[in-house]
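The values are calculated or read from the model by the stated rules, or taken from the named source; none is laboratory data. Only a predicted model underlies this, so the values are computations on that prediction, with no experimental measurement involved. Cβ sites come from the backbone with ideal geometry, for glycine too, and all protein chains shown count toward neighbours. Just so you know, the surface numbers come from the protein's heavy atoms only, side chains and all, with ligands and any DNA or RNA stripped out. Shrake-Rupley method; radii C 1.70, N 1.55, O 1.52, S 1.80 Å.
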Amino acid sequence: MADVMEYKCPNCAGAIKFDSEKQKMKCPYCDTEFDVEALKSYDEALKDEKEDSIKWEINKSETLDDDENIAVYVCNSCGGEIVGDKNTGATHCPFCDNPVIMTENFSGVLKPDYVIPFKLSKNAAKEALQKHLKGKWLLPKLFKSENHIDEIKGIYVPFWLFGAEADADMTYRATRVSGWSDSNYTYTKTDHYFLTRAGSVAFEHIPVDGSSKIDDDLMESIEPFDFDDVADFQTAYLSGYLADKYDVSAKESISRANKRVKKSAEDAFSPRGEGYATVIPQKSSVKIDNGSVNYALYPVWILNTTWKDKKYTFAMNGQTGKFVGNLPMDRKKYFAWFGSLAAVFSALTYGIAWLIDHFM
Amino acid sequence: MKIKSCLSFIFSAILVVALSFSAFASEGKPRLIDNAQLLDASEFKNLSSKLDEISERQQMDIVILTEKSIGGKSARDYAGDYFDYNNYGIGEDKSGVLLLINMEERDRYMSTKGYAVKAFTDAGINYISEKILPELKDGDYNGAFENYADLCDEFITKAKTDKPYDTRNLPKKEFDIRFWIPAAIVAGLVASWLTTLYMKKQLKTVLSKPKADDYIQKDSLKIKNHRDIFLYSSIVRHARPKSRSGGSSTHRSSSGSIHGGGGGKF
């Protein structure tokens, strides 16, 4: 007796019933023909699609010793707490430019596992800022001269470093297109495929900004930090610099690291670049496992500038020298450039067309 | 007996003279026949000598015929017949082209014979007709005919280089200011917009990082599954547009000779 099975049509999702003794089957709704084996494999692959699961382990860290040289500063206006060397004599908050007061209390400050010491000096930071402002056509002139460049500060920014192993499992619908023609017609053949891609990839030391006072996007822009230069934390490193205390917990930072891991894992196994004409993701599941978390301080030079009632923050990676910071646009300059360029290009286009016509 | 030979002599003499007249037919016959009276005297004179000059030089009869009415006949037949039965055409193949303007139906038709069939392809006839159409519509018949004569001259010269104007090979278009001025303005605006967009982008350097590729552990990438399942195939076909091959279409006129040509309304 023959088996009667029901399968889902990959083209129109209608139900295809068939006799298991036949080799090829046709969908009664959309008339597409299929190979029996192809339908079977598709069906199995559909059953295999998995769901996400994420697990993290947060290591317990020690607290800093009650070191006499360390003081905690509290900012008057933004309430930020900064850790610094007593001898730094910091008087202004690096985030909001207001004066800070020293407090006596010093306890419960988490001891960092790692620190990347400053590699670049304040002068290097000032030079980098000058370079950053150069060659920006639409920058207001006043911005360059009204800058208080000297107040650039070296800060250790707190980061949560996440390590992870990601297990990615994805399915796609893809097509390969080929064409040919004879004297009467052009033909286009589309082959439809169902693709499965799965694999594992490991990550380490993904940094997520642990300070709410420092813009996360700003910190991501100066990445990457090279972990090879890292050292075990010693309070001596803080000398001459300020360190921000973390106020965003590791738990709260996990989701950011998650997102990045998932995206990297998906792209690592993606069939893009394999010659398919179209690739449409169907299901994607990324299991993230064995996460370890460390607390580290990374070096950043920061400068805040207020211009026309707006705050502009610049940051430079204190290890690699990468400099970022959004700049304001001078509207008048924009329209002036737009107008004059339009006139020049129009004249140029007309001239070239005329010349070509005359000499061809 | 004497009267008979006298008569036959006079008869043959008349015949000889008549024949000699027909030998001069193409030189003696007017090339501009304005039965619809669309031109004034001086225009007529100038145009007529122009047509004669071109025809002699190019060794092809360029004729223009205007009629108030052609009695309901088709413009194609009338033009062809007029050319044939009035013995137009230079050389063995009787090469020439005749432009007929019929005021009653507002028809225009260009009929070609001999070498003119090759020199004036369907595409070429179309081109010339389109060029003189605005002037015909406006009633500037002198302008249209002058233009027509010049174009014929140009076309015949071009045909003699063995490459007559055809579908892919038409006279160079004029530099149209009415197109280029707005086009240049648009191009200028687009170029300027793109440049200032780049200048604006320069100002923004703070961008979040969507991936964590910098933190992938070396050699940690392992592929566990890599399956490509072929599902089905579909084929679509499109009919290819037949490109116009060019050339000249011909027909046989009532006198039995082969004519090319084309026409329409104005």
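Taking Cα centre as origin and charging only the Cβ of basic (Lys, Arg, +1) and acidic (Asp, Glu, -1) residues, the dipole magnitude of the protein assembly as shown rounds to 1980 debye. Counting only whole DSSP H helices of chain B, the ones at least 30 Å long by C-alpha along their axis and with mean Kyte-Doolittle hydropathy no lower than -1.0 are B:2-23, B:177-203. Rg ratio for region A:103-234: its Cα radius of gyration over 2.2 N^0.38 Å, N being its residue count, equals 1.86.
For the protein assembly as shown, with equal point scatterers placed on the C-alpha atoms only and solvent neglected, what are the log10 I(q)/I(0) values from the Debye formula at q = 0.06, 0.07, 0.09 1/Å, to two decimals? Values, matching the q order: -0.70, -0.79, -0.93.
Determine the alpha carbon to alpha carbon distance for each of A:136/B:209; A:141/B:200; A:308/B:211; A:251/B:200; A:119/A:153; B:94/B:163 and list only those over 26 Å. The pairs that break the limit, which is 26 Å between Cα atoms, are A:308/B:211; A:251/B:200. Taking one quarter of the surface of the C-alpha convex hull of region A:250-311 gives a mean projected area of 9.1 nm². Mean partner shielding of peptide B:176-182, defined as the number of other chain Cβ atoms within 10 Å of each residue Cβ, is 2. Packing here is the average count of other Cβ atoms within 10 Å per residue, and on that basis the peptides A:279-287, B:248-256, highest first, run A:279-287, B:248-256.
Shielding value for A:258-265 is 4, the average number of Cβ atoms from other chains within 10 Å of each residue's Cβ. Quick check: net charge around residue B:48, other residues with Cβ under 12 Å of its Cβ, Lys/Arg +1 and Asp/Glu -1? Cβ neighbours under 12 Å give a net charge of -1. Reported value for chain B: 308 Å³ per residue, from the convex hull of its C-alpha atoms. Here region A:135-252 is treated with +1 on each Lys and Arg Cβ and -1 on each Asp and Glu Cβ, and its dipole about the Cα centre works out to around 680 debye. Using a probe of 1.4 angstrom and keeping all protein chains present, the accessible surface of region B:66-217 works out to 51 square angstrom per residue. Considering only DSSP beta bridges where both residues belong to chain B, give the percentage that are antiparallel (nearest 5). So the antiparallel bridges in chain B amount to around 65 percent. Modelled spin labels at residue A:251 and residue A:355, positioned 7 Å past Cα toward Cβ, are 7.0 nm from each other. Residue by residue along B:49-58, Cβ atoms of other protein chains within 10 Å of the local Cβ number 0 on average. For the protein assembly as shown, adding -39500 (n - 2.57) for each run of n ≥ 4 DSSP H residues and dividing by the number of residues yields -11000 deg cm²/dmol at 222 nm. Think of region A:168-246 as having a plus end and a minus end, set by charges on the Cβ of Lys, Arg, Asp and Glu; of A:192, A:243, A:181, A:181 sits farthest toward the positive end of this dipole. Dimensions of region B:80-119 along the principal axes, based on C-alpha atoms and rounded to the nearest Å, stand at 35, 21, 10, largest first. On a per residue basis, the convex hull of the C-alpha atoms belonging to region A:174-262 measures out at 220 Å³. In terms of packing, defined here as the mean over residues of other Cβ atoms within 10 angstrom, the peptides B:191-197, A:111-117 line up highest first as A:111-117, B:191-197. Working from label points 7 Å from Cα in the Cα-to-Cβ sense, the residue A:279 to residue B:7 distance is 10.7 nm. Counting only Cβ charges, +1 for Lys and Arg and -1 for Asp and Glu, the dipole size of region A:289-360 around its Cα centre is about 380 debye. Each Cα pair under 8 Å and six or more residues apart adds its separation to the average, and for chain B the resulting relative contact order is 22 percent.
What base-10 log of the normalised intensity I(q)/I(0) is obtained for region B:116-216 from the Debye formula, alpha carbons as equal point scatterers, at q = 0.11, 0.22 Å⁻¹? At q = 0.11, 0.22 Å⁻¹ the computed log10 ratios are -0.59, -1.11.
Rounded to two decimals, the Cα-based Rg/Rh of region B:205-266, with Kirkwood Rh, is 1.57.
Counting charges near residue B:204 (Lys, Arg +1; Asp, Glu -1) among other residues having Cβ under 13 Å from its Cβ returns a value of +2. Among B:261, B:102, A:138, whose Cα sits farthest toward the positive end of the charge dipole of the protein assembly as shown (+1 at Cβ of Lys/Arg, -1 at Cβ of Asp/Glu, about the Cα centre)? The listed residue farthest towards the positive side: B:102. Electrostatic bookkeeping for residue A:120 treats Lys and Arg as +1 and Asp and Glu as -1; over the other residues with beta carbon under 15 Å from its beta carbon, the sum is +3.
By DSSP, the beta bridges lying fully in the protein assembly as shown are antiparallel in about 85 percent of cases.
Convex hull volume of the Cα atoms of region A:210-360, normalised per residue: 279 Å³.
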